[in-house]
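Written out below as structure tokens is the structure these notes cover.
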Amino acid sequence: MQIDNPTLESAYVLHYRAYRDTSLIIELFTEHFGRISAVAKGARTQRSPWRGLLLPGVPLLVTCVGRNELLTLTQAEPNGSPLMLQGKALFSLFYVNELLMHLLHRFDPHPQLFRQYTQTLTQLIAAIQIEIPLRQFEWKLLQELGYELALDKDISTNQPIRADARYQIDLERGASELTDNILRDSPIYQGKTLQALANHMLLDDPEILREAKRLTRQLLQPLLGNREIVSRTLFG
């Protein structure tokens with residue numbers, strides 16, 4: 001990848017680590033370049049203008065240049081106020097960042113997912129039921145990666161999903177209504193849960209949210225493989 005015509009780009013820090021004596025390597029999620037890695041030279045020095053800025057949850061405008069996979073950060077400035085996330089909201093930020101770190105390829109742009117990410121972080125600040133923005137983000141991520149299931153119709157009958165019916169999920173095809181002839185060796189979902197996900201209208205219904213969480217994890221697991229999501233251990 002080559003970036004030799006630098007412009008200010010909206011971005012968030014997904015992860016950072018110390019590099020050499022005074023620098024950082026930062027993983028950024030950007031609006032038009034997707035996930036990128038960059039060296040922030042001297043960012044750990046007391047006089048660095050970037051000290052305390054290159055952190056998760058801080059909306060940024062950045063410029064990075066380079067001709068290799070590891071770019072060089074040349075400019076960074078705030079793009080709004082830092083998001084004041086605490087407790088479960090902060091752990092949720094770590095969670096969505098881990099998903100993006102594991103599942104996005106470098107230099108693969110996802111501008112709609114970037115907008116969903118920005119919206120999710122804003123929603124986490126005020127969310128009474130934090131599961132709602134998390135499930136919506138997971139569903140958008142699956143959609144962007146090409147793994148969203150069509151949950152509006154029964155794959156066996158081509159009939160609309162019924163709220164009062166129960167369904168099993170084929171991870172490659174979709175939902176089929178549970179009958180006495182189907183082996184019950186996989187999770188069962190209510191039609192109302194599938195309708196809520198399909199219509200991007202998750203409600204503050206504990207039962208729907210539990211099933212939505214189970215389904216998104218079922219869909220994400222093959223993509224994650226053996227890679228551990230550490231933040232899940234913090235809040236389940």
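Across the stretch 45-69, what is the total count of residues that are in contact with a Leu (Cβ under 7 Å, 6 or more places away or on another chain) and surrounded by fewer than 18 Cβ atoms within 10 Å (Cβ to Cβ)?
From the stretch 45-69, those in contact with a Leu (Cβ under 7 Å, 6 or more places away or on another chain) are 54, 56-57, 61-65; that's our starting set.
From what's left, surrounded by fewer than 18 Cβ atoms within 10 Å (Cβ to Cβ): 61, 65.
Residues in the stretch 45-69 being in contact with a Leu (Cβ under 7 Å, 6 or more places away or on another chain) and surrounded by fewer than 18 Cβ atoms within 10 Å (Cβ to Cβ): 2 in total.
Quick test for you: out of 26, 3, pick the one residue that is over 21 Å from residue 123 (Cα atoms), crowded, with 16+ Cβ neighbours inside 10 Å and modelled with pLDDT under 95.
On the way: 26 fails: modelled with pLDDT under 95.
3 is the lone residue from the list that is over 21 Å from residue 123 (Cα atoms), crowded, with 16+ Cβ neighbours inside 10 Å and modelled with pLDDT under 95.
If a residue must be crowded, with 17+ Cβ neighbours inside 10 Å and part of a strand (DSSP E or B), how many such residues does the stretch 73-104 contain?
The qualifying residues number 2.
Looking at the stretch 19-41 only, could you name the residues that are among the basic types (Lys, Arg) and not in a loop (DSSP other than H, G, I, E, B)?
Of all residues in the stretch 19-41, those among the basic types (Lys, Arg) come to 20, 35, 41.
Answer for the stretch 19-41, where residues must be among the basic types (Lys, Arg) and not in a loop (DSSP other than H, G, I, E, B): just 35.
Go through (1) small (Gly, Ala, Ser); (2) farther than 23 Å from residue 98 by Cβ; (3) buried (at least 21 other Cβ atoms within 10 Å of the Cβ) one by one and return the number of the condition residue 42 breaks.
Tallying (1) small (Gly, Ala, Ser); (2) farther than 23 Å from residue 98 by Cβ; (3) buried (at least 21 other Cβ atoms within 10 Å of the Cβ), residue 42 fails exactly one: (3).
When you check residue 67 against the structure, is it at pLDDT 95 or above, among the basic types (Lys, Arg) and not assigned by TED's automatic domain parsing to the domain that holds residue 112, yes or no? Show your work before the answer.
Details: at pLDDT 95 or above: no; among the basic types (Lys, Arg): yes; not assigned by TED's automatic domain parsing to the domain that holds residue 112: yes.
In short, no.
Of these, 19, 12, which one is within 26 Å of residue 231 (Cα to Cα), surrounded by fewer than 21 Cβ atoms within 10 Å (Cβ to Cβ) and aromatic (Phe, Trp, Tyr)? Full working, then the answer.
On the way: 12 fails: surrounded by fewer than 21 Cβ atoms within 10 Å (Cβ to Cβ).
One residue alone meets the criteria, 19.
If you go through the stretch 44-63 one residue at a time, how many are more than 10 Å from residue 12 (Cβ to Cβ) and not in a loop (DSSP other than H, G, I, E, B)?
Qualifying residue count, the stretch 44-63: 2.
Output yes when any residue across the stretch 84-107 is among the acidic types (Asp, Glu), within 15 Å of residue 31 (Cα to Cα) and at pLDDT 90 or above, and no when none is. Before you say what the answer is, go through the steps one by one.
Our first condition is that a residue be among the acidic types (Asp, Glu); within the stretch 84-107, this holds for 98.
Among the residues that remain, those that are also within 15 Å of residue 31 (Cα to Cα) are: none.
Among the residues of the stretch 84-107, not one is among the acidic types (Asp, Glu), within 15 Å of residue 31 (Cα to Cα) and at pLDDT 90 or above, which makes the answer no.
The values are calculated or read from the model by the stated rules, or taken from the named source; none is laboratory data. Quantities reported herein were computed from a predicted structural model and do not represent experimental measurements. Backbone-built Cβ (ideal geometry, glycine too); neighbour counts: all protein chains shown.
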